[in-house]
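Let me begin by presenting the structure, written as structure tokens, before commenting on it.
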Amino acid sequence: MNDTALVFDCAGEQCLGIVHGAVSPASSTGVIIVVGGPQYRVGSHRQFVHLARHLACHGYPCFRFDYRGMGDSTGAQRDFRSISFDIKAAIDAFMQSVAGLRAVVIFGLCDAASAAMIYGRTDPRVAGLILANPWVRSEAGLARAHVSQYYRRRLLHGTFWRKLFSGQLHVTSSIHKFLRAVRTSMQGRPGKGPDQAAVDYIDAMQSGLAGFKDPVLFLISGRDLTAAEFTDLCSRDGAWAALIERDGVAMQTMATADHTFSMIEAQSWANEAALCWLAGVAPAHVKL
């Protein structure tokens with residue numbers, strides 16, 4: 001395995017990336033890691049470094065990079081809704097850098113998964129998506145996630161009851177917060193107003209996934225509000241439910257994983273799940 005720094009241009013700005021496993025790639029499909037923001041190419045607890053090296057060791061070249069305005073790349077900071085040019089420029093640079101690459105799979109966590117859904121269908125070089133805990137934040141969605149995840153877990157936890165009976169818990173305030181969350185969670189699809197931006201990008205994600213006909217893997221954490229919002233959306237919205245149930249789309253869940261798979265067991269699970277899925281859709285013919 002070899003790690004090589006690569007500087008590439010995006011709309012006149014200089015972006016930095018790291019290519020993994022470019023010495024003798026065993027697969028014609030590489031993996032490009034798009035980073036959720038605000039974050040840079042290393043990721044929380046070196047998450048993306050571990051993932052890239054794990055996949056590269058098994059024959060899949062990887063590229064993790066800083067899009068404009070993040071990490072070591074120049075330019076104004078931007079969010080996931082405006083990084084399509086960055087993803088395209090990174091794929092261009094990656095494929096030019098690694099001889100024999102014919103396609104890429106995009107890996108994205110959180111809002112990078114959202115960006116990957118929006119971008120994927122626009123580029124014929126994208127042969128698959130690995131989407132970890134996609135971001136579909138709205139006020140009502142967050143409230144439902146709080147009710148189903150946070151409050152339910154809290155009621156089952158001994159610490160809650162000890163605080164309640166010892167007088168350490170502000171009961172009135174807690175009840176008001178809970179009832180407010182329940183009321184908000186009962187709202188339907190957000191309309192125009194504070195949640196309009198959420199409507200726009202969630203619709204763009206849905207359209208992007210509907211138009212993407214290649215394989216997709218969802219990695220879902222069981223102890224994460226962001227993941228809970230996404231799975232709740234898929235269970236409540238018929239169009240989303242149909243998308244994740246179609247042929248070629250897989251979903252794997254680890255009940256004890258948090259948002260960034262920070263525990264060693266969760267990180268290993270996510271890395272292995274990605275590797276096994278890749279082996280099924282883009283086998284690596286290892287040169288012995």
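The values are calculated or read from the model by the stated rules, or taken from the named source; none is laboratory data. Note that the coordinates shown come from a computational prediction; the quantities given were computed from them, not determined experimentally. Backbone-built Cβ (ideal geometry, glycine too); neighbour counts: all protein chains shown.
In this structure, is E272 part of a helix (DSSP H, G or I), at pLDDT below 95 and on the phi < 0 side of the Ramachandran plot? So E272 does not fit the description; no.
You will find that of D203, D258, the residue that is among the acidic types (D, E) and either touching a helix residue (DSSP H, G or I) at 6+ places or on another chain (Cβ under 6 Å) or in a loop (DSSP other than H, G, I, E, B) (or both) is D258 and no other. Only one of the numbered conditions (1) part of a helix (DSSP H, G or I); (2) buried (at least 24 other Cβ atoms within 10 Å of the Cβ); (3) among the small types (G, A, S); (4) modelled with pLDDT of 95 or more is violated by G141, and that is (4).
Number of residues in the range 89-122 that are of a type in the set (D, E) and surrounded by fewer than 24 Cβ atoms within 10 Å (Cβ to Cβ) equals 1.
Quick one: would you say V31 is assigned by TED's automatic domain parsing to the domain that holds D79, β-branched (V, I, T) and free of Cβ contacts under 8 Å to residues at least 24 places away in the same chain? No; evaluated as a whole, the condition is false for this residue. Within the range 240-278, restricting attention to residues that are aliphatic (A, V, I, L, M) and without any contact (Cβ under 8 Å) to a residue 12 or more places away in the chain, the residue that is nearest to G100 (Cα to Cα) is I264. Within the range 122-136, residues that are more than 27 Å from E229 (Cβ to Cβ) have Cβ atoms under 8 Å from residues that are assigned to a strand (DSSP E or B) and aliphatic (A, V, I, L, M) in these pairs: R125/A103; R125/V104; A127/A103; A127/V104; A127/V105, counting only partners at least 6 apart in sequence or on another chain.
Restricting attention to the range 74-109, the residues that are under 16 Å from the mean Cα position of the chain (by Cα), modelled with pLDDT of 95 or more and either aromatic (F, W, Y) or farther than 21 Å from L16 by Cβ (or both) add up to 2.
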